[in-house]
Amino acid sequence: SSLVMSPSISIAPYSGGILDFSPQSFAAWKLQFENHDSSIGFSRYYLDSAYVPPTLKRDAYAKGKEALDYDRMMNPDTYSLDNYEAAGLAARKVIVAKAESDTLRTATTETQEEVHSMARANAVQYLLSSFAPSVRTVWDSYTSPSLLWTAILERYEVHNNVNDPTTLIAMINELKYSSVLALTLYLPHWPAW
């Protein structure tokens, strides 16, 4: 999907009911949000901390091939097999093959990391766009989408009788230091109070 692959795409903000700190707003918000987010493809980012879109590796490899073609054009001497005799040609082919492999691997890895990071940030931004400003200020684009989703569910489904903005922060701090989640999720950056 092009939404996931293109780092330059700007996502449309969520257009349903807004989540605020009152527990009463959650049920309607969750239903609307899940309908919206599944239609644009972000739901897996909220449900699976290790989610990588199935097309990401293939698409990153295709971009890596483009980078290799460009590098061949810009640095023809690096890849040239011209003017080598039989004995030197075999050794030169090994050198060229390594240069191709290194260039392809580097470009593919960089593309995959950049696009995956951007897709995760887009998923977080989409989720943030569904919050009232008072809720939104607690989070930034470096937060893990699944950690944010887990904290929201914890806050509104488990501790729904507390109408206190600091409850969300307390929930995320509990999750942040959990031995299971701390190893697999990116942690949020908190604003200074």
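Things worth noting here:
- Residue in the range 40-60 that is more than 16 Å from the chain's Cα centre (by Cα) and either surrounded by 16 or more Cβ atoms within 10 Å (Cβ to Cβ) or within 30 Å of D20 (Cβ to Cβ) (or both) present: no
- Taking the range 91-193 as the region of interest, none of the helices (runs of 4 or more DSSP H) fully inside it holds 3 or more residues being modelled with pLDDT of 65 or more and among the polar types (S, T, N, Q).
- Qualifying positions in the range 12-36 - in a helix (DSSP H, G or I) and among the charged types (D, E, K, R): K30, E34
- Residues being assigned to a helix (DSSP H, G or I), among the hydroxyl-bearing types (S, T, Y) and touching a residue at least 12 places away in the same chain (Cβ under 8 Å) - total across the range 38-78: 4
- When the range 1-52 is limited to residues that are of a type in the set (F, W, Y) and out of contact with any strand residue (DSSP E or B) (no Cβ under 8 Å at 6 or more places or on another chain), the one that is modelled with the lowest pLDDT turns out to be F21.
- Whenever a residue of the range 105-120 is of a type outside the set (V, I, T), its partners that are surrounded by 20 or more Cβ atoms within 10 Å (Cβ to Cβ), lying with C-beta atoms within less than 7 angstrom and at least six residues away or across chains, give the pairs A107/G64; A107/L68; Q112/A60; A119/V4; R120/Y45; R120/P145.
- Number of residues in the range 34-46 that are of a type outside the set (V, I, T) and more than 14 Å from L148 (Cα to Cα): the value is 7.
The values are calculated or read from the model by the stated rules, or taken from the named source; none is laboratory data. These figures come from a predicted structure and were not determined experimentally. All Cβ positions, even for glycine, are placed from backbone atoms using ideal geometry, and neighbour counts span all protein chains on display.
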